[in-house]
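First up is the structure itself, then whatever we jot down about it.
The values are calculated or read from the model by the stated rules, or taken from the named source; none is laboratory data. If you're wondering where the values come from, they're calculated on a predicted model, not measured in any experiment. Neighbour counts are summed over all protein chains in view; Cβ atoms, including those assigned to glycine, are modelled from backbone coordinates with ideal geometry. Calculation scope for accessible area: heavy atoms of the full protein, side chains included, ligands and nucleic acids excluded. Shrake-Rupley method; radii C 1.70, N 1.55, O 1.52, S 1.80 Å.
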Amino acid sequence: MFVINITYTVELEEVDAHLPAHIQFLQQYYQQGVFLASGKKVPRTGGMIFATAKNQTELEAILHNDPFYLAGLANYEITEIEVSKTASGLSQLLTL
């Protein structure tokens with residue numbers, strides 16, 4: 001599993017102009033089972049995505065299609081984790 005830490009590098013007004021396209025991008029990869037959870041940071045300095053992919057190279061290729069990435073609005077930090085314990089109801093994460 002991967003955790004993607006997205007940090008905005010521009011003002012929120014510019015981010016908001018690309019938000020509808022970013023949401024469509026997210027939806028596409030939710031439907032494909034790549035993205036598992038996502039949300040805005042508080043305070044709103046970026047966002048986080050929890051994802052599954054064959055490897056980091058594949059995930060990077062996906063993220064390079066994010067409208068935020070294409071417009072140069074944010075930095076992306078990818079951390080791979082090996083899930084070894086979960087809360088009740090989330091055991092499917094152990095097999096990712």
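Points worth noting:
- Filter pass, THR52 being without any contact (Cβ under 8 Å) to a residue 24 or more places away in the chain, closer than 17 Å to GLU80 by Cβ and either surrounded by 13 or more Cβ atoms within 10 Å (Cβ to Cβ) or not small (Gly, Ala, Ser) (or both): no
- Sole residue being in a helix (DSSP H, G or I) and either in contact with a strand residue (DSSP E or B) (Cβ under 9 Å, 6 or more places away or on another chain) or of a type in the set (Val, Ile, Thr) (or both), chosen from ILE49, ILE62: ILE62
- Scanning the range 22-37 for residues that are modelled with pLDDT of 95 or more and either open to solvent by 40 Å² or more (accessible area, probe 1.4 Å) or part of a strand (DSSP E or B) (or both) yields ILE23, GLN24, GLN27, GLN28, TYR30, GLN31, GLN32, PHE35.
- Residue in the range 1-21 that is modelled with pLDDT of 95 or more, under 30 Å from SER91 (Cα atoms) and open to solvent by 80 Å² or more (accessible area, probe 1.4 Å) present: no
- Residues of the range 26-68 that are closer than 23 Å to GLU14 by Cα and basic (Lys, Arg): LYS40, LYS41, ARG44.
- Selected residue (criterion: surrounded by the fewest Cβ atoms within 10 Å (Cβ to Cβ)) from residues of the range 69-96 that are touching a Ser or Thr at 6+ places or on another chain (Cβ under 8 Å), part of a loop (DSSP other than H, G, I, E, B) and modelled with pLDDT of 95 or more: GLY72
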